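The values are calculated or read from the model by the stated rules, or taken from the named source; none is laboratory data. Predicted model only: the values in this text are computed from it and were never measured. Heads up, the Cβs are rebuilt from the backbone with ideal geometry, glycines too, and the neighbour counts pull from every protein chain shown.
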């Protein structure tokens, strides 16, 4: 019992120390990794004079798969100029083998990274003030890196894309 308590206390202290780091700036609120387990800073994808759509998606998400072709077309059209897309797989690292197998069969045109499921939900509430209980969800960042919209409900993806294109004259 004492050993279990010590381990729990160590986890709480580690999370508290790490949380102060990851919440130090708006864009670094997400702890994600690539498929080799290397940490990726979402901040590296924000700003730099172009719009960023962060698509939150999950395995076995029918609406996600329905919306991906439109999101991919947007990414392909604008990735070298006005805007781009980054995917965050909300299933978490515990599903990494399934995620890799899924993307091997159905790769996306935009880069996707995997969230740490045990902390992601708290991080997204910290970033957006909203919970994202299911996918798809979208975070839209302006060219200066500022979060403009956090969408956690079903939307017409074509209307969203059209609205973003209107922001930069696409």
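A few comments on the model shown:
- Counted residues, the range 110-126 - those being assigned to a loop (DSSP other than H, G, I, E, B) and crowded, with 17+ Cβ neighbours inside 10 Å: 1
- Checklist (1) in contact with a strand residue (DSSP E or B) (Cβ under 7 Å, 6 or more places away or on another chain); (2) modelled with pLDDT of 95 or more; (3) surrounded by fewer than 21 Cβ atoms within 10 Å (Cβ to Cβ) applied to residue 92, failing item: (2)
- Residue list for the range 134-170, filter: surrounded by 19 or more Cβ atoms within 10 Å (Cβ to Cβ) and either out of contact with any strand residue (DSSP E or B) (no Cβ under 9 Å at 6 or more places or on another chain) or more than 24 Å from residue 117 (Cβ to Cβ) (or both): 157, 160, 161, 164
- Hey, residue 131 under 11 Å from the mean Cα position of the chain (by Cα) and either within 14 Å of residue 30 (Cβ to Cβ) or loosely packed, with under 15 Cβ neighbours inside 10 Å (or both) or not: no
- Within the range 116-143, residues that are free of Cβ contacts under 8 Å to residues at least 24 places away in the same chain sit with their Cβ atoms under 6 Å from residues that are in a loop (DSSP other than H, G, I, E, B), at 6+ positions apart or across chains, in these pairs: 125/131; 130/152.
- Identity of the residue in the range 132-149, assigned to a loop (DSSP other than H, G, I, E, B) and closer than 14 Å to residue 57 by Cα, that ends up modelled with the highest pLDDT: 136
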